[in-house]
Amino acid sequence: MRKGTKRAAVWLAAGLLTGGVGVGSCLAAQSSSNLIQCPNFAEGEDILAWSRDQGGATITAESGTEPIYGDVVTYGKITGRTSNYECFSQDVTDLVEKDKDYAYSFYVMLDADDYAGAPAAQRTVEISPYITADGSTTYSQGCSGTVSQVLEPGVWTQFTGTYTPSWSGNMEEVVIRILEQGTNYGQGEGVKGTYYMTGMELKVQGERETVIEMDVPRLREAVPQDIGEDFIIGTSIVNSDLKDVDTMALVTRHFNAITLGNELKPDAMFGYSNDRCPGTETVKLNGKDLTVPKLDYSRAERTLDAIYDWNQSHPDEIIKVRGHVLVWHSQTPQWWFHEDYDTDKPYADVETMNRRLEWYIKTMAEHFTGEDSKYHGMFYGWDVVNEAVSDGASRYRNANENSSWWAVYQSNEFIINAFRYANQYMAPEVELYYNDYNEWVTNKRLGIEQLLKDVKEAEGTRIDGMGMQGHYQTTATPNMTEFATAARAYAAIVGQVQVTELDMKASSKYDGTEKTREEEFAVQGRRYKELYDTVKSLREEGVNITNITLWGVVDKNSWLQTFNSVGGSADGRQKQCPLLFDDDYQVKPAFWAFADSSKLETPAEDIPEESEEESAAESEPAISEPTVESVEEPTSEESAEPEEPEVQEQRKQYVVIGAVCGALAAAIVGGILVSRRNKKKKDQ
Ligand code: GLA
């Protein structure tokens, strides 16, 4: 149910949503999404924008007393025409995209005296764009709707329709004309009289007002005010989000940082060519030739360009970027690990993989963070290594747990080297992170602690923080003692902790209907508040937590909604509601947990104080819960390129390992386990 919603005007669509349109159009798009300059000939608008084909005629801005439409009284006047082709026209070359639909609308009036008594053919006004491509010009193509009308002199008449520019070859220019051209396509008789126009709009078709609430606090203001000035409140987005006006309106309004959900992962960088290497080239690395796979920057740049454009035009509302991720066992094609990038051949040797790793990190770092990079200065941090610790035991993830990195190295050398190369090549202001899930589970936490120490102590490395992913559950794990224990432990080693992929899986009661929604949302809101309060209290005690990033914006697009063929973190059958904004882009109680928790119905319970024994006793049974995720070998299906890679997120490949859970469960006092299970059932 939407209540009291002030709707936001569309103001970002063209720039943010098309990514490649460029800064110019983005700037135009901020005040409105109208691509036309000087649409009303109002004071302050640049009338020269209309001069492209005025020839020897004169164009002036005029003002009347009666509104022409809405409350607009201003209009343009073209007079002194000596050719039928002299008209109002505007160059939109850099603003329009091929084969895209643009809605147009404008008003024209013929001068009552000049056109009095003229035959219909000489009172015909039309929208007549022309496009030059590969040196040849095509006229009057691509418009539908009211393209051409016979006007009654002295009467304002509206034109509306759709313009779909299209061309083949190299486009040189696209010009829109509002033309009264007499007969025979301008070459016959014509009045060449004075006429007037105003109110021209040209907008990406389908644009509409966004539905987001404008009368709620902005998280990017409320959270830093509450918790600390430099605090990052972020979200992940994928390229398909760029096309969603409402999602992007929420992103730009509420978040001061984004993580690219997929586009900077190795599989995306290799063009989703998962089955075979997309082609190679030879580069020099440390003076020696190295054959490397071709990189495809296009997907990552689509999002980065949109954010770049936003930042250029909103210097006071910068959105920073988290790089994610350089080294990961998942979403990395198998051929990357093999001799000659060929899965029919054996694994490459360690020396070869070290050189590949160095090249990959160097190239990514220089391309995206180097002094000469367009994106220099945008990245605040980068997940250098993701999920390299075992789920079942306090040790590194090995080859049996799906790590081809481990299969090649049989040691943590690739992790150490990744942090060495990142330190060497990444711009110094970009913080370097290790990132993992189930990071609150005691056994896994101990493994992560070891990893952080190993990286920190190794020569030539830099590690600036630990990314606690935070894929949590609304009514179950973790409890806040477990969370706090983990945060303290990591901060003690690497100095800084960030929550990097926060979402909450629904309780078993939630079925997506109105009936269960209210209760689930309320419980979830309190859970988010509990977490946020814990983060605040940890900061007060000196634990340096500097970021909470949500894994997605609106519930319906969360990765948790989708079925995962090997189990996954959600079964795809149960509806999920893991984020701060609902399916209709409206704020949920979870939003208020951050924006103003006094709006939540019931205050959350006090944050439990940590005690050594308590934390051990609490976290052990959690391992034996059937929520613990582990990893198995990917099927060929999963490693295949998704049809729409930016839409279709490849999921982490988790399964419950019954054997591991069973063994651990057996080791735990049965009574504790039973009582916790009962408690959990009650909670749900
Ligand atoms: C992990 C990864 C993310 C993403 C999520 C699920 O946590 O780090 O990149 O794949 O799983 O969407």
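Every number in this text was worked out from the coordinates using simple rules, so none of it is lab data. Note that the structure is predicted; figures quoted are calculated from it, not measured. Glycine also receives a Cβ, built like all others from the backbone with ideal geometry; neighbour counts cover every protein chain displayed.
Local charge for TRP336 was computed over the other residues whose Cβ lies under 10 Å away, with Lys and Arg +1 and Asp and Glu -1, and equals 0. When both segment 48-119 and segment 232-246 are represented by their alpha-carbon centers, they are found 38 Å apart. Per-residue Cβ neighbour counts within 10 Å put THR513, THR74 in the sequence THR513, THR74, beginning with the fewest. Using the Cβ-Cβ distance between ASP349 and LYS294 with R0 set to 22 Å, the FRET efficiency from 1/(1 + (r/R0)^6) comes to roughly 0.45.
Considering only alpha-carbon pairs that sit under 8 angstrom and 6 or more positions apart, the relative contact order computed for segment 310-350 is 20 percent. For segment 277-394, the normalised intensity computed at q = 0.12, 0.19, 0.23 Å⁻¹ comes to -0.56, -1.13, -1.40 (log10 of I(q)/I(0), Debye sum over alpha carbons, equal scatterers, no solvent). Going from the fewest other Cβ atoms within 10 Å to the most, the residues HIS324, HIS367 appear in the order HIS367, HIS324. Restricting segment 39-111 to GluC sites (Glu not before Pro) that sit in a DSSP loop and have at most 10 other Cβ atoms within 10 Å of their own Cβ leaves GLU43. Dimensions of segment 486-530 based on its C-alpha atoms, expressed as ranges along the principal axes with the largest first, amount to 46, 15, 14 Å. Here the dipole of segment 119-274 is about 460 debye; that uses its Cα centre as origin and unit charges on the Cβ of Lys and Arg (positive) and Asp and Glu (negative). In vacuo Debye scattering of segment 37-178, one point per C-alpha: log10 I(q)/I(0) at q = 0.12, 0.17, 0.19 Å⁻¹? Summing over Cα pairs of segment 37-178 leads to -0.51, -1.04, -1.28. For GLY199, the shell of other residues with beta-carbons less than 13 Å away shows a net charge of -2, using +1 for Lys and Arg and -1 for Asp and Glu. Take every pair of alpha-carbon atoms less than 8 Å apart whose residues are at least six positions apart; their mean separation over the length of segment 110-209 yields a relative contact order of 36 percent.
The calculated FRET efficiency for the pair THR513 and GLU229, based on their C-beta separation and a Förster distance of 35 Å, comes to about 0.25.
For GLN450 and GLU281, a Förster radius of 41 Å and the Cβ-Cβ distance give a FRET efficiency of 0.60, rounded to the nearest 0.05.
Where in segment 84-99 is the amide nitrogen less than 16 Å from a point lying 7 Å along the Cα-to-Cβ axis of GLU173? Of the residues in segment 84-99, 85-96 have backbone N under 16 Å from the label point off GLU173. Within segment 220-248, whose backbone N sits under 14 Å from a point 7 Å along Cα→Cβ of ASN544? Answer for this model: 230-231.
Note on segment 170-192 and segment 454-524: Cα centroid distance 63 Å, given to the nearest whole angstrom.
Note on segment 370-465: Cα Rg divided by 2.2 N^0.38 Å, N the number of residues, gives 1.13.
Given +1 at the Cβ of Lys and Arg, -1 at the Cβ of Asp and Glu and no other charges, the dipole of segment 394-469 around its Cα centre is 200 debye to the nearest 20. Listed from fewest to most Cβ neighbours within 10 Å, the set PHE414, PHE419, PHE270 follows the order PHE414, PHE270, PHE419. Computed from Cα atoms alone, the Kirkwood hydrodynamic radius reported for segment 439-550 is 15.0 Å. In this rough spin-label picture, where each label sits 7 Å from Cα along the Cβ direction, the ALA492-GLU221 distance is 4.1 nm.
When the Cα positions of MET248, ALA268, THR198 are compared along the charge dipole of segment 178-268, THR198 comes out farthest toward the positive end, with charges on each C-beta of Lys, Arg, Asp and Glu. Over all projection directions, the Cα-based convex hull of segment 37-121 averages an area of 7.5 nm². Using a simple spin-label model with pseudo-atoms 7 Å out from Cα toward Cβ, GLU209 and GLU152 lie 3.2 nm apart.
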